[in-house]
Every structure is written in C-alpha cells, then in structure tokens.
Amino acid sequence: MMNGMIELNIFMRFLHILSATTLLGGVIAWRFAAIPATAPLAVDMRSKLGNAIAAVWRPVFFAAVAGLLVSGIYAYLNKGNVTPAWQAVIGIKFLLVLHVFAVGFLATMPNNEKRSRQLTGIAISGVVIVALAAVLRYLSTAQ
C-alpha cells in the first residue's frame, strides 16, 4: 500500500464508526430516553421541548450523515472483488441507509407530531444496518 493510504483507510473507518454511533446512539437516546421523560409534561411544553431537541440535534444529525456519506463512499469505491451475496447485502443496506437519512431529516423538522414513530423507525433500521455491516464483514473475509 502506498505511503499514507493506511492512515487514510484507518481514518475513514474511524469516521464511519464514529458517525454511525453518533447518529444511531443519538436517535436511540432521543426516542427511548428523552421522549418518555417528557411524557408527564403538558402538551405545549412537550412540543416546545421536542422542537428544541430537534433544533439542537439537526446539525449533529447532518454532520453524522456527511461523515457516513464521505466514509461510506470511500469504502465502497475502494472495495476489492466482491461476491454476488455481498452485492445483495450492500444493496439492502443502502436502501435502509436512505430510509434513515430521509426520515431523520423529517424527524428534525419543527412541530412534527410523527416524530416518536419516525425515531422508532430510524432506530429499528439502524440496528438492522449494524447487523448487515457484520454480515458484510463476514462476507468480505470468508472465502
């Protein structure tokens, strides 16, 4: 490998893992900790707090998406020979990632009455994406 490529590969992997854990961890904390914690509040206060959380989370979400796009495209373009099984799994993973990105964008919009359901969907898709990443790692090493 050329000088500097090892460092770049390590950095891109680090960026991908950091971005994924930030996005998925933030969504899980928001959906399963912050939203239930606000349940006892009055509806208008709960709505204001939800909008405030969304406003603060939005730039973090976009930074995580950017990190995932940059590092994911880099990893995909630098992938060697792959099997048809690997291609099938990565295709499913890409579709789920698009779902997470699109619904994550919607979940950060103000006055969103569907936010809890959207965050639940992102959390489920995110966990499935992590499982598919494990399958892809196996398919990359098994021969």
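The values are calculated or read from the model by the stated rules, or taken from the named source; none is laboratory data. Remember, predicted model here, so these are calculated numbers, not experimental data. Note: ideal-geometry Cβ built from the backbone for every residue, glycine included; neighbour counts use all protein chains shown. Areas reflect the complete protein model, heavy atoms only, side chains present, ligands, DNA and RNA absent. Shrake-Rupley method; radii C 1.70, N 1.55, O 1.52, S 1.80 Å.
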(message) Show me the helices (runs of 4 or more DSSP H) found entirely inside segment 1-94 where at least 2 residues are open to solvent by less than 60 Å² (accessible area, probe 1.4 Å), touching a helix residue (DSSP H, G or I) at 6+ places or on another chain (Cβ under 6 Å) and touching a residue at least 40 places away in the same chain (Cβ under 8 Å).
(response) 5-29, 43-77
(request) Look through segment 95-134, keep the residues that are hydroxyl-bearing (Ser, Thr, Tyr) and either open to solvent by 60 Å² or more (accessible area, probe 1.4 Å) or touching a residue at least 60 places away in the same chain (Cβ under 8 Å) (or both), and return whichever of them is nearest to residue 28 (Cα to Cα). (result) 120
(request) For residue 137, work out the one condition from (1) modelled with pLDDT of 95 or more; (2) surrounded by fewer than 18 Cβ atoms within 10 Å (Cβ to Cβ) it doesn't fulfil. (result) (1)
